[in-house]
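Worksheet for the structure shown next.
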Amino acid sequence: MPNLNGIALTKEIFKLNKEQKIIIISAHNDKEYLIDLINIGVEAFMQKPLSSENMLEVLYEVCCSFENENMIMLKNDYRYNASLSLLFFQNKKVELSENESKLLDLLLKNKNQYFTAIEIFNHLYFDELEKEFSIDSIKSLIKRLRKKTPDSLICNTQNLGYTAEY
C-alpha cells in the first residue's frame with residue numbers, strides 16, 4: 001500500500017467502525033508487527049503465501065465468532081440470535097408471530113430492564129397511531145410468548161413491569 005501500512009489502515013478502519021472484523025494478509029513475519037495488530041484488535045493474521053485450506057479455516061473461525069457474539073444463550077437448550085431476531089430450541093427455529101418476535105427482541109436486548117404494558121404496546125404499535133391500548137391484548141401476547149420460551153424467562157414484577165431473566 002503506497003500511503004499507509006497495515007497497522008495505520010487498521011486503526012483508520014476501527015475509527016469508523018469499532019465492531020469491524022479484520023483479517024490481515026501479509027508477507028511480514030516480524031513479531032512486533034504481529035503484536036501491534038493483535039493489540040489493535042484484528043480478528044486474524046494470515047501470512048503469505050496462502051493456502052486455500054488455511055484461508056477457509058480462518059474464514060470459518062471468523063464467521064463462527066459472528067454467530068457466537070450475536071447469540072444469547074437461554075435456559076433449557078433455547079438460544080436467541082439477536083442480530084436476526086430468531087429463537088431456537090434444540091437447534092430448531094421456533095415460529096413466532098411478528099409481535100411475539102418484537103416483544104422477545106425488546107426483552108432480550110434490554111437485559112435487567114423492566115417494561116410496563118403501555119411501554120410494550122408503544123413499542124409494538126408505534127407506527128399505528130389509530131390503535132388503542134388494550135391491557136388484555138398485551139397480556140394475551142405475553143401468555144402466547146411464554147408458551148414458546150423457556151420457563152420463567154418472562155417475569156412480571158408488580159409496579160415495575162415485564163423483564164427477561166436468563
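If you scan the range 35-73, which residues turn out to be in a loop (DSSP other than H, G, I, E, B), out of contact with any strand residue (DSSP E or B) (no Cβ under 6 Å at 6 or more places or on another chain) and of a type outside the set (S, T, Y)? Reasoning before the result, please.
Quick first cut of the range 35-73, residues in a loop (DSSP other than H, G, I, E, B) only: 41-43, 48-51.
From the residues that got through so far, the ones that are out of contact with any strand residue (DSSP E or B) (no Cβ under 6 Å at 6 or more places or on another chain) too are 41, 48-51.
Residues satisfying the conditions are G41, K48, P49, L50.
Considering the range 141-152 alone, what residues qualify as being within 23 Å of Y125 (Cβ to Cβ) and either surrounded by 12 or more Cβ atoms within 10 Å (Cβ to Cβ) or touching a residue at least 60 places away in the same chain (Cβ under 8 Å) (or both)?
Going through the range 141-152, the residues within 23 Å of Y125 (Cβ to Cβ) turn out to be 141-149.
Scanning the range 141-152 gives L141, I142, R144, L145, R146, K148, T149.
Answer yes or no: is there a residue in the range 12-22 that is assigned to a helix (DSSP H, G or I) and touching a helix residue (DSSP H, G or I) at 6+ places or on another chain (Cβ under 6 Å). Spell out how you get there, then give the answer.
Initial filter on the range 12-22 (assigned to a helix (DSSP H, G or I)): 12-16.
From what is left, the residues that are touching a helix residue (DSSP H, G or I) at 6+ places or on another chain (Cβ under 6 Å) are none.
Looking for residues that are assigned to a helix (DSSP H, G or I) and touching a helix residue (DSSP H, G or I) at 6+ places or on another chain (Cβ under 6 Å), one finds none in the range 12-22, hence no.
Return the pairs, sorted by first residue and then second, in which the second residue is outside any helix (DSSP H, G or I) and surrounded by 10 or more Cβ atoms within 10 Å (Cβ to Cβ), the first residue lies in the range 126-140 and is hydrophobic (A, V, I, L, M, F, W, C), the beta carbons are less than 9 Å apart, and the residues are 6+ apart or on different chains.
F133/Y125; I138/Y162
Out of all the residues in the range 53-73, is one or more surrounded by 13 or more Cβ atoms within 10 Å (Cβ to Cβ), in contact with a helix residue (DSSP H, G or I) (Cβ under 7 Å, 6 or more places away or on another chain), without any contact (Cβ under 8 Å) to a residue 40 or more places away in the chain and outside the structural domain of Y125 (by TED's automatic domain parsing)?
So far as the range 53-73 goes, no, none of its residues is surrounded by 13 or more Cβ atoms within 10 Å (Cβ to Cβ), in contact with a helix residue (DSSP H, G or I) (Cβ under 7 Å, 6 or more places away or on another chain), without any contact (Cβ under 8 Å) to a residue 40 or more places away in the chain and outside the structural domain of Y125 (by TED's automatic domain parsing).
If N159 meets every condition in (1) within 13 Å of the chain's Cα centre (by Cα); (2) assigned to a loop (DSSP other than H, G, I, E, B); (3) of a type outside the set (D, E, K, R) apart from one, which number is that one?
Checking N159 against (1) within 13 Å of the chain's Cα centre (by Cα); (2) assigned to a loop (DSSP other than H, G, I, E, B); (3) of a type outside the set (D, E, K, R), the one that fails is (1).
In this structure, does D136 turn out to be farther than 29 Å from E19 by Cβ and out of contact with any helix residue (DSSP H, G or I) (no Cβ under 7 Å at 6 or more places or on another chain)? Spell out the reasoning first.
Working: farther than 29 Å from E19 by Cβ: yes; out of contact with any helix residue (DSSP H, G or I) (no Cβ under 7 Å at 6 or more places or on another chain): yes.
So D136 passes the test.
For D30, indicate whether it is of a type outside the set (V, I, T), farther than 30 Å from L153 by Cβ and out of contact with any Asp or Glu (no Cβ under 7 Å at 6 or more places or on another chain).
Values: of a type outside the set (V, I, T): yes; farther than 30 Å from L153 by Cβ: yes; out of contact with any Asp or Glu (no Cβ under 7 Å at 6 or more places or on another chain): yes.
The answer is yes for D30.
Looking only at the range 74-102, count every residue that is touching a helix residue (DSSP H, G or I) at 6+ places or on another chain (Cβ under 7 Å) and free of Cβ contacts under 8 Å to residues at least 40 places away in the same chain and tell me the total. Break it down stepwise before answering.
Let us first name the residues in the range 74-102 that are touching a helix residue (DSSP H, G or I) at 6+ places or on another chain (Cβ under 7 Å), namely 80-83, 85, 87, 94, 96, 99-100, 102.
Right, trim to free of Cβ contacts under 8 Å to residues at least 40 places away in the same chain and you get 80-83, 85, 102.
Result for the range 74-102: 6.
Could you run through the range 119-138 and say how many residues are over 26 Å from the mean Cα position of the chain (by Cα) and surrounded by 10 or more Cβ atoms within 10 Å (Cβ to Cβ)? Write out each step before concluding.
First pass over the range 119-138, keeping only residues over 26 Å from the mean Cα position of the chain (by Cα): 128-137.
So of that shortlist, the ones also surrounded by 10 or more Cβ atoms within 10 Å (Cβ to Cβ) come out as 131, 133-135, 137.
Residues that pass the stated criteria total 5.
Go through (1) modelled with pLDDT of 80 or more; (2) surrounded by 11 or more Cβ atoms within 10 Å (Cβ to Cβ); (3) more than 27 Å from the chain's Cα centre (by Cα) for I24 and report which single condition fails.
(3)
The values are calculated or read from the model by the stated rules, or taken from the named source; none is laboratory data. Quick caveat: nothing in here was measured; it's all calculated off a predicted structure. We place every Cβ from the backbone using ideal geometry, glycine too, and count neighbours over all the protein chains shown.
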